[in-house]
Structures are given as structure tokens and as C-alpha cells.
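Presented below is the structure to which this report refers.
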Amino acid sequence: MTSYKNLILKKEDRVATIILNRPEKLNALNAELTEEIIRAVSEVGQDDEVRAVIITGAGRAFCSGADISSPDFKAMSPAVSLKLMEKASQVVMGIRNMPKPVIAAVNGFAVGGGCNLALAGDIVVASEEAKFSQPYVFRGLHPDFGAIYFLPRLVGFAKASELLLTGRVIEANEADRIGLVSRVVPADQLESVTRELATTLAKFSPLVVGMMKASLQQALATDLPTALDCEAKAQSILFMTEDFKEATAAFMEKREPIFKGK
């Protein structure tokens with residue numbers, strides 16, 4: 001397993017946990033941490049022993065967005081800016097294209113790119129102490145890390161416009177109410193709840209989970225006939241798998257199925 005300086009990567013019982021580990025900076029994103037996230041996402045994505053992934057932060061923040069005190073910001077130029085945005089895109093697309101469920105466990109502040117890093121996940125579980133904001137207007141910057149893609153699709157155009165144009169902070173309960181997160185849990189239960197959820201997802205057929213994740217994302221940008229065609233093609237493939245046969249046998253025998261991803 002690759003070693004990391006700015007994050008912690010754990011693998012246990014088919015679940016990988018990526019912990020952003022710059023607590024003294026509220027896990028702010030500098031070039032090094034961003035690059036390590038790309039590497040960690042790639043590593044767990046290619047590891048056949050991993051079937052579910054959790055992303056969270058150390059300390060009192062999930063991720064506070066860009067580290068404006070880093071050398072990259074002090075030496076900003078169009079070329080540096082473009083490189084940073086390319087890396088941001090790699091993070092987001094790495095998470096979205098991974099054929100494994102990704103759970104964002106938001107333990108505290110999720111700000112700017114940090115908020116959108118969480119939204120790139122398939123499921124977002126927030127601590128009741130979590131706070132979300134898109135403060136780009138205060139920084140003189142444009143939204144990044146997929147903000148203009150994720151927000152309108154999750155909360156609608158009007159609410160997305162409000163959050164981006166005002167940059168206001170919202171509490172976990174409001175985030176839950178408007179559909180920004182999947183659920184809110186007590187702070188002292190965040191780790192156990194997300195771990196239990198990831199363990200449950202890891203028991204399912206990785207073929208089914210991967211296809212379902214891809215189909216859901218495709219459906220965001222397509223019409224009903226295309227979505228139905230996508231479902232039909234996926235179903236025709238899965239009907240031929242050993243995992244489907246195992247699921248059928250387990251149902252008839254009244255036992256839990258054991259999926260092998262074949």
C-alpha cells in the first residue's frame with residue numbers, strides 16, 4: 001500500500017477509509033493533499049479487495065477548501081491556476097468514475113472545494129455538527145470541484161443560486177432538508193453509522209453496485225427512453241452473472257448470498 005503524508009488510508013473488511021489529515025489547517029487543500037487524494041482514490045479503485053470507500057476528515061473539519069496560505073496561491077498565474085483546476089477535476093472524476101460506492105462522512109466544516117468534494121460521493125452522511133458553505137463570492141473566485149454541476153441537481157436551480165451567490169453557511173439539518181446530504185446523525189455516531197453502511201454496501205455484488213452507480217450518473221444527463229435502454233442493457237448483462245445465480249440460490253435457500261463479483 002502506498003504511503004501518504006497528508007492523508008491516512010485504511011483498509012479493513014473490504015472497506016477503505018480515506019482520512020484527510022491536515023487538522024491544523026482544517027484539512028485545507030494544497031497541491032500535495034490534492035495529489036494524494038488522486039492517488040488514494042486510484043489505489044482503492046483498482047484494489048479488488050475493496051468494495052466500498054469512506055472519505056472523511058481528521059479533527060473538527062471535513063475539508064475547509066483551498067489552502068490560500070500555500071505557495072501555489074502566493075505564486076498564482078494562469079498556468080498554475082489551470083493546473084490546480086485540472087487536479088480538482090481529477091479528484092472529482094476519480095470518485096465519480098470509481099465503480100465502487102463512495103460515502104462522504106462529513107464530520108465538521110465542509111467549505112468550498114471541500115463541500116463539493118463531499119458532494120462528489122454517492123452518499124453523504126453528515127454529523128449534526130457539520131456546516132456547509134460555498135464562500136467563493138467572498139474570495140473573488142469562481143466555484144470549482146464540480147459545484148455548478150452538483151448543486152443544481154441536488155437542491156434545484158433556485159437554491160443552488162442562493163447558496164453560491166450569497167456564500168452563506170448552512171447547518172446540517174438544513175442541508176438534510178434541502179437534499180444536500182443523504183442523512184444527518186449525532187456526531188458521536190458518525191463513524192459507526194458510516195462504517196456500518198459501508199460494510200453493508202461491501203456485501204453486495206460489485207458488478208451490480210458498479211453498474212447501478214454508472215447508470216444513475218448517466219441518467220442525470222439523459223431522457224427516459226435512453227435511461228430505460230440503459231437499464232435493459234445492464235439487466236441483460238447481470239442476468240448472465242454468477243452473482244445473479246448466487247442471489248437466486250440464496251433466496252430459495254433462505255440464506256445470505258456470498259457475492260464474488262463474477
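The values are calculated or read from the model by the stated rules, or taken from the named source; none is laboratory data. Remember, it's a predicted structure, so these values are computed and weren't measured experimentally. Quick reminder, even Gly has a Cβ in these numbers, built from the backbone with ideal geometry, and neighbours come from all protein chains shown.
General remarks:
- Scanning the range 98-125 for residues being polar (S, T, N, Q) and touching a strand residue (DSSP E or B) at 6+ places or on another chain (Cβ under 7 Å) gives a total of 1.
- Here Y149 meets each of (1) buried (at least 17 other Cβ atoms within 10 Å of the Cβ); (2) aromatic (F, W, Y); (3) touching a residue at least 12 places away in the same chain (Cβ under 8 Å) with one exception, condition (3).
- Any hit, the range 158-171, residues being farther than 19 Å from N30 by Cα, in contact with a Phe, Trp or Tyr (Cβ under 9 Å, 6 or more places away or on another chain), of a type in the set (D, E) and not in a strand (DSSP E or B): no
- Residue match in the range 210-223 (condition: modelled with pLDDT under 95, over 15 Å from L119 (Cα atoms) and β-branched (V, I, T)): yes
- Apart from one condition, T222 fits all of (1) outside the structural domain of S133 (by TED's automatic domain parsing); (2) in a helix (DSSP H, G or I); (3) free of Cβ contacts under 8 Å to residues at least 24 places away in the same chain; the exception is (2).
- Neighbours by Cβ (under 6 Å, 6+ apart or cross-chain): first from the range 166-177, assigned by TED's automatic domain parsing to the domain that holds G140 and under 8 Å from F132 (Cβ atoms); second part of a strand (DSSP E or B) and hydroxyl-bearing (S, T, Y): V169/S133
- Residues within the range 1-55 that are under 18 Å from R96 (Cβ atoms) and among the β-branched types (V, I, T), tallied: 10
- Residue ID - surrounded by the most Cβ atoms within 10 Å (Cβ to Cβ), chosen from residues in the range 5-22 that are closer than 20 Å to P71 by Cβ and not charged (D, E, K, R): L20
- You will find that of A160, A110, the residue that is free of Cβ contacts under 8 Å to residues at least 24 places away in the same chain and surrounded by 18 or more Cβ atoms within 10 Å (Cβ to Cβ) is A160 and no other.
- E24 being modelled with pLDDT of 95 or more and more than 22 Å from A187 (Cα to Cα): no
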